[in-house]
Structure formats: C-alpha cells, structure tokens
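Visitor: Okay, here's the structure, questions in a sec.
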Amino acid sequence: MEESRRGFRNESAATRSATVWTLANLLSLFRLAAAPVLLWGAWHGKAGLFLFLFGAMLLTDLLDGLAARWLRQQSELGARLDTWADLVTWLSLPLCSWWLYPEIVRPELPLLVVALAGYGLATFYGLQKYGRLTSYHTWAGRLSAWLMTAGVMLLLLKYSPWPFRVALSLVLVAQFEEILITGILPNWKANVPSFWHARKMHKLPAAAE
C-alpha cells in the first residue's frame, strides 16, 4: 500500500512538472528572461543585439500561443506567464527605442503615449477588480500583436511608419475591448476571445438557474 501511495505521489509530481515545463511556457519564460538583456543592450547602444533579440521575442510571442493550442498545452499558468511576458516586452520597447532611435520615435510619441495610457488603464482596472493581471488573449489583442510585430520592425528599419500607426490604433481598440470584458465578468477568466464571448459567459449562471 505504501509503495502504491509513493508511486501515486511520484506520478503526480511528474504530471505537475510536465504541465509547467511545456514548450509554450518555456517560450514565455524566454521572453521574461530576455527583457533585462534587451534593456541592457539598448542602454549601451547595441542596436544589432536589440533588433535580433527583440525579433526573437516577437517571434516567440507569436509561437507560444500557437504551441499551446496545437499541442493542447493551454493552462491558467501558461496564460499568466504569457501575460507577464507581454507586459515586460511591450513596456521595455518604448524605453529601448527611445535610447537607440530617438529621431524615429519622436514623431510617433503622441499616439504611442495614448496607446500606453490605454494599456495602463486596462491593466490597472484588471488589477483593481481581480487582484491580478488579466489574461484574455482576445482576437483583437492577438491581431494587434501580429501587426505590432511587423509595424515595429518596419518602423525601426526606416521603411514606413504607417503599419506601426495602424497597429497602435488597433491596440487601442483591443484595450477598450479588454476594459469592457473586465467590466462584465465578475470573476477572473483566462483566454476570453472577445466581448461577445464574455457576454455569453456572464449569462451562463443566470441561464443555469
């Protein structure tokens, strides 16, 4: 009997470990670990390192969600790790870009400040209501992240600022939707695709009664 219990504990520990160390979570952890290096490289004027590392962070940002869905590795921990990785990535970007490319960033400051304010408002509202960061990963949020990936690189490589401006505008739309979702959901939920889905979740308890 004791051997059976020990085997069950070992199996549970192995299952928990496999749940934590998934490919999706490792990609999010990479972004978290890379953010300080990104800041260090930008502060010291290492533009090549910044572009390479930031490109890798953007790529893993796209891949972690795909890996979680394709490999069926979606979890609350994964959603929270991805949210924290997004937060440190996108908060690092304005500082790094200003240190390295002030002449490029300066014309984009008004819209950038508005987008950051929207991001901050949505984040603060979620923290105030749930006591933790929201992890909705909405369709609009994903689309804005993909567009930001292309827009930032095209901006910093001096091709065109317009993809970046369009992406920032969509970021505002996505953050407004997140605020609406937080307003309607009484409890914290991960992976809410849209406000329409949030409304359906909000109506479920009443429908069940």
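The values are calculated or read from the model by the stated rules, or taken from the named source; none is laboratory data. Note that this is a predicted model, so its numbers are computed, not measured. Because the Cβ atoms are built from the backbone with ideal geometry, glycine has one as well, and the counts that use them run over all protein chains shown.
Visitor: Given the condition surrounded by 14 or more Cβ atoms within 10 Å (Cβ to Cβ), more than 27 Å from Trp162 (Cβ to Cβ) and out of contact with any Cys (no Cβ under 8 Å at 6 or more places or on another chain), answer yes or no: does some residue in the range 50-66 qualify?
Guide: Yes, that holds for at least one residue.
Visitor: How many of the residues in the range 154-191 are more than 18 Å from the chain's Cα centre (by Cα) and either surrounded by 16 or more Cβ atoms within 10 Å (Cβ to Cβ) or farther than 17 Å from Gln128 by Cβ (or both)?
Guide: Residues meeting the conditions: 13.
Visitor: Name the residues in the range 67-99 that are over 23 Å from Leu29 (Cβ atoms) and crowded, with 20+ Cβ neighbours inside 10 Å, would you?
Guide: Ser97
Visitor: Residues that are of a type in the set (A, V, I, L, M): list the helices (runs of 4 or more DSSP H) wholly contained in the range 42-122 that include at least 3 such residues.
Guide: Answer list for the range 42-122: 47-70, 76-100.
Visitor: Pick from Leu168, Leu133: which is more than 22 Å from Leu66 (Cα to Cα) and in contact with a Leu (Cβ under 7 Å, 6 or more places away or on another chain)?
Guide: Only one candidate passes the filter, namely Leu168.
Visitor: Still on this model: Name, by its number, the condition in (1) at pLDDT 80 or above; (2) out of contact with any Phe, Trp or Tyr (no Cβ under 7 Å at 6 or more places or on another chain) that does not hold for Val105.
Guide: Among (1) at pLDDT 80 or above; (2) out of contact with any Phe, Trp or Tyr (no Cβ under 7 Å at 6 or more places or on another chain), Val105 violates only (2).
Visitor: One residue is enough: does the range 180-196 have a residue meeting the conditions of a type in the set (Lys, Arg), part of a helix (DSSP H, G or I) and not assigned by TED's automatic domain parsing to the domain that holds Leu59?
Guide: No, the range 180-196 has no match at all.
Visitor: In the list Ala145, Ala79, Ala68, which residue meets the criterion of being closer than 30 Å to Trp21 by Cβ, in contact with a strand residue (DSSP E or B) (Cβ under 6 Å, 6 or more places away or on another chain) and not polar (S, T, N, Q)?
Guide: Result: Ala79 is the single residue among Ala145, Ala79, Ala68 that is closer than 30 Å to Trp21 by Cβ, in contact with a strand residue (DSSP E or B) (Cβ under 6 Å, 6 or more places away or on another chain) and not polar (S, T, N, Q).
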